[in-house]
Amino acid sequence: MVCCCVRLDKDITTPEHVDTRQGLYPAPFGRNAKANVITKVRQKFKFLGKFMAKALMDSRMIDMPFSIIFFKWMLGEEESLNLEDLVHIDTNLYEQFKKLQNIVSIRDKIMVVNQTTNQQTTINKLNNKKRLKSKDDSQLEHSIYSNILDESDPRLLLDGCKIDDLFLVFTLPGHPNIELKKGGKDCLVTIHNLDQYINLVAHWTLVEGVRRQFESFRDGFNSIFPIHHLKCFYPDELHQVFCGCGSTELWDLKVLLESTRCDHGYNLNSRAVKWLFDIMINFDIDEQRAFLQFVTGSPRLPVGGFRMLHPPLTVVRKTAENSSDNTSPDSFLPSVMTCVNYLKLPDYSSKEIMKLKLTTAIRDGQHAFLLS
C-alpha cells in the first residue's frame, strides 16, 4: 500500500523508502496499536499540520506529493470516501477489490433469481399436498433454501479460485496485525460474507485506520490557520495550492519577460539576461526543478507560474566584492538570495560559460547556505 511511513519506534520496522506514484498517505493503525507509538505518530502529524499551514501563509510551495485522499480529509470529506477512492491509494488493491465487488454483484443476482424460483417450487409442492406437513416435507423445504447458491459457479470464482480457497481472513491487506473486526484473524472470508470484507477493508484503509493521524493533523493546522477556510477549494485545487504547478508550459520567453525584474546593472535587453532566458526555456524537467530549488528554495512554482512569484524573480549583475579586483566575471559563480527570489548573475563572456557556471552553482550550492 502506498503510505506515508515514518520511523515510529526502535521496535517497529518501517521501510526507508515509499512508493509515491499514488501520492503520500498515512499508514493505518489498528485498534490495539500501542499507546506510545500512537502518541509519537500523532505528534508528527500535528507538526505536519503546522508546517503546511505555515507554508500556506508564507506562500511557500511544498514538494510533497500527497494523495488526493489526503486533501479530501483536509476538507472534512472523509465520510464520503468509499471503495472507488481506493484507486488513489493503491491501484493494485483497488483492481482486485473491484473484481471481488463484481463477484458480490453476481452473487446477489443469482441469489435473487434462485430464491424466487425455489420459493415458487416450494409453494407448488406444498399446495399439492392434501395433508399436514410431515418431517420429510420440512427437510425437503430446508434443502431447497440451503441450495440457493452454488459456490463452484464459474461466475463466482476469482481467477479460477473459489473465494473460500483464497484463505482470506478479516485483516487489512498488507497489515496482518490489523483486524477488521473482533476475532478477524480467525474469521475466514467466504462468498457469503465477501461484501462485508470489502466494505471493512475500504473503511479501515480510508477512514478508521487513519482517523487519529488526521485528527492530529487538523489540530496542528488549526493552531496556525483555520482549516475550514479551505472548504472553498476542491481537493485537486488544494494540491496546487500547497504543492504548486509542475507545468512546463509556463517556461516560455514571453512569460519570463513579463514576470522577471532586472536591476543593478541589468535590464531585459541585457546580453546576459537574454542568454539566461534562452538557457531557462531549454531546461528539461529535472533542470527546471534544480533551478527553482536554487533560486527560490522550492522545486515547484506556485499556481500561475513565474507571474505569481512574490517577490518576483529578480536578476542583478554580480561584480567582484573588491572594486579594485580586475578578475574576469568568468571566474565567478552566480549566487542567490532565496528569501527574495534574487539571482546575482555575473556578466559572462559567452552563453556556454554561463550555462556551465549556472549548472555548477546549482549542483554544488544546492545544500549550501552562505552569507551574501
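Comparison of 254, 274, 231 shows that the only residue that is open to solvent by 40 Å² or more (accessible area, probe 1.4 Å), farther than 30 Å from residue 316 by Cβ and either part of a helix (DSSP H, G or I) or at pLDDT below 95 (or both) is 231. For first residues located in region 347-361 and polar (S, T, N, Q), partners that are exposed (fewer than 14 other Cβ atoms within 10 Å of the Cβ) and lie 6+ apart or on another chain with Cβ distances below 9 Å form the pairs 349/328.
Residues that are under 20 Å from residue 296 (Cα atoms) and of a type in the set (D, E, K, R) within region 327-353 comprise just one, 344. Taken as a whole, the condition of being within 30 Å of the chain's Cα centre (by Cα), open to solvent by less than 60 Å² (accessible area, probe 1.4 Å) and either modelled with pLDDT of 95 or more or among the aliphatic types (A, V, I, L, M) (or both) applies to residue 301. Scan region 59-87 for residues that are in contact (Cβ under 8 Å) with a residue 24 or more places away in the chain, open to solvent by 40 Å² or more (accessible area, probe 1.4 Å) and among the charged types (D, E, K, R) and the total you get is 5. Within region 284-298, restricting attention to residues that are open to solvent by 20 Å² or more (accessible area, probe 1.4 Å) and not charged (D, E, K, R), which residue is farthest from residue 60 (Cα to Cα)? So the residue we want is 285. Within region 257-271, the set of residues being within 21 Å of residue 318 (Cβ to Cβ), in contact (Cβ under 8 Å) with a residue 40 or more places away in the chain and not polar (S, T, N, Q) comprises 261, 262, 263, 264, 265, 266, 271.
Out of region 234-246, which residues are assigned to a helix (DSSP H, G or I) and not polar (S, T, N, Q)? Passing the criteria: 235, 236, 237, 238, 239, 241, 242, 243.
Of all residues in region 189-228, those satisfying the criterion of being more than 15 Å from residue 51 (Cβ to Cβ), open to solvent by 20 Å² or more (accessible area, probe 1.4 Å) and either assigned to a helix (DSSP H, G or I) or of a type in the set (Ser, Thr, Tyr) (or both) are 190, 195, 196, 199, 200, 203, 208, 211, 212, 215, 228.
On the given criteria, is residue 338 β-branched (Val, Ile, Thr), touching a residue at least 12 places away in the same chain (Cβ under 8 Å), open to solvent by less than 70 Å² (accessible area, probe 1.4 Å) and closer than 16 Å to residue 245 by Cβ? Spelling it out, it is not the case that residue 338 is β-branched (Val, Ile, Thr), touching a residue at least 12 places away in the same chain (Cβ under 8 Å), open to solvent by less than 70 Å² (accessible area, probe 1.4 Å) and closer than 16 Å to residue 245 by Cβ.
Only residues that are under 32 Å from the mean Cα position of the chain (by Cα), of a type outside the set (A, V, I, L, M, F, W, C) and on the phi < 0 side of the Ramachandran plot: list them for region 157-178, please. If the condition is that a residue be under 32 Å from the mean Cα position of the chain (by Cα), of a type outside the set (A, V, I, L, M, F, W, C) and on the phi < 0 side of the Ramachandran plot, then 171, 173, 175, 176, 177 are the ones that fit.
Taken together, the residues in region 8-58 that are over 23 Å from residue 206 (Cβ atoms), surrounded by 12 or more Cβ atoms within 10 Å (Cβ to Cβ) and at pLDDT below 85 amount to 1.
Of the listed requirements (1) more than 24 Å from the chain's Cα centre (by Cα); (2) open to solvent by less than 20 Å² (accessible area, probe 1.4 Å); (3) closer than 21 Å to residue 60 by Cβ, residue 279 misses just one: (3). Within region 257-270, being surrounded by 14 or more Cβ atoms within 10 Å (Cβ to Cβ) and either in contact with a strand residue (DSSP E or B) (Cβ under 9 Å, 6 or more places away or on another chain) or farther than 15 Å from residue 343 by Cβ (or both) holds for 260, 261, 262, 265, 266, 268, 270.
The values are calculated or read from the model by the stated rules, or taken from the named source; none is laboratory data. What you see is a predicted model; the values in this text were computed from it and never measured. Please note: Cβ atoms are built from the backbone with ideal geometry, for glycine as well, and neighbour counts cover all protein chains shown. Remember, those area values only see protein heavy atoms, side chains included, never the ligands or the DNA or RNA. Shrake-Rupley method; radii C 1.70, N 1.55, O 1.52, S 1.80 Å.
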